[in-house]
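Participant: Shown below is the structure under consideration.
The values are calculated or read from the model by the stated rules, or taken from the named source; none is laboratory data. What you see is a predicted model; the values in this text were computed from it and never measured. Here Cβ is always computed from backbone atoms with ideal geometry, including for glycine, and neighbour counts include all displayed protein chains.
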Amino acid sequence: MSVIAPAVLAETPDDYKAQIERLHGFVERAHIDISDGEFAPSFTINAAQVWWPQEWTVDIHAMVARPSEHLETLIALKPNMIIFHVEVQEDIVAILQHVKKFDIKAGVALLKSTVPSTVTDAIQVADHVMIFSGELGKYGGTASLMQLEKIRLVKNIRADVEIGWDGGVNVENAYSLAQGGVDVLNVGGTLAKAEDPQSVYATLVNEINKHGII
């Protein structure tokens, strides 16, 4: 069954706190973005400033050029999962294996231009593969549904891996994404810009749980 995970992307601790408070009370799983200003063009709060309500299941999406420099701080937070981009210039397989030693799930994100067959080793180690269809470090990306083809390619490499999607999820396409094989739909701008995020969240949950044919 697919789930909706609201994404939090904040440049300052005050903005971060405000976003967490907007979501608190109805969210179960959340997706927290951090960016180093290098791998992604924008700066966010850093890993040391991240916190969340105790009852949340949290995945951290680290858009960083050198994961090794952030590992210790991220692991100390004890999230459900840490996601790094497979395109980094470090040994991503070793990084994923290190994360898993601490009973934390390890995920990889694939940019639009990345072909799964070129990163087979990382996919075989990962607990989660996130199809990235957005704009690095920004809300408001467009969901390119052509990227759904990657799910089949990923599953050919690792049949049991969890599939995530980041970028452009909204009420109009959530059902198609869930039917296309996405397990975790990370939702940024659609909720961040909503006047009533709880109502929009409920609508998204209803969409991914609909039965029928596309």
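Participant: Based on what the data block shows, is ALA94 modelled with pLDDT of 95 or more, out of contact with any Lys or Arg (no Cβ under 8 Å at 6 or more places or on another chain), among the hydrophobic types (A, V, I, L, M, F, W, C) and farther than 20 Å from PHE39 by Cα?
Facilitator: no
Participant: Could you list, in sequence order, the residues of region 1-23 that are among the β-branched types (Val, Ile, Thr) and touching a residue at least 40 places away in the same chain (Cβ under 8 Å)?
Facilitator: VAL3, ILE4
Participant: Please specify each residue of region 193-214 satisfying the condition of being surrounded by fewer than 19 Cβ atoms within 10 Å (Cβ to Cβ) and closer than 27 Å to HIS85 by Cβ.
Facilitator: Once the filter is applied, which keeps residues that are surrounded by fewer than 19 Cβ atoms within 10 Å (Cβ to Cβ) and closer than 27 Å to HIS85 by Cβ, region 193-214 yields only LYS193.
Participant: Quick one: would you say THR73 is within 16 Å of GLY134 (Cα to Cα), of a type in the set (Ser, Thr, Tyr) and touching a residue at least 24 places away in the same chain (Cβ under 8 Å)?
Facilitator: For THR73, the condition - within 16 Å of GLY134 (Cα to Cα), of a type in the set (Ser, Thr, Tyr) and touching a residue at least 24 places away in the same chain (Cβ under 8 Å) - is not met.
Participant: Just to be sure, is ILE151 within 27 Å of GLN19 (Cβ to Cβ), modelled with pLDDT of 95 or more, surrounded by fewer than 22 Cβ atoms within 10 Å (Cβ to Cβ) and within 16 Å of the chain's Cα centre (by Cα)?
Facilitator: no
Participant: Check whether at least one residue in region 24-35 is without any contact (Cβ under 8 Å) to a residue 60 or more places away in the chain, among the polar types (S, T, N, Q) and at negative phi, and report yes or no.
Facilitator: no
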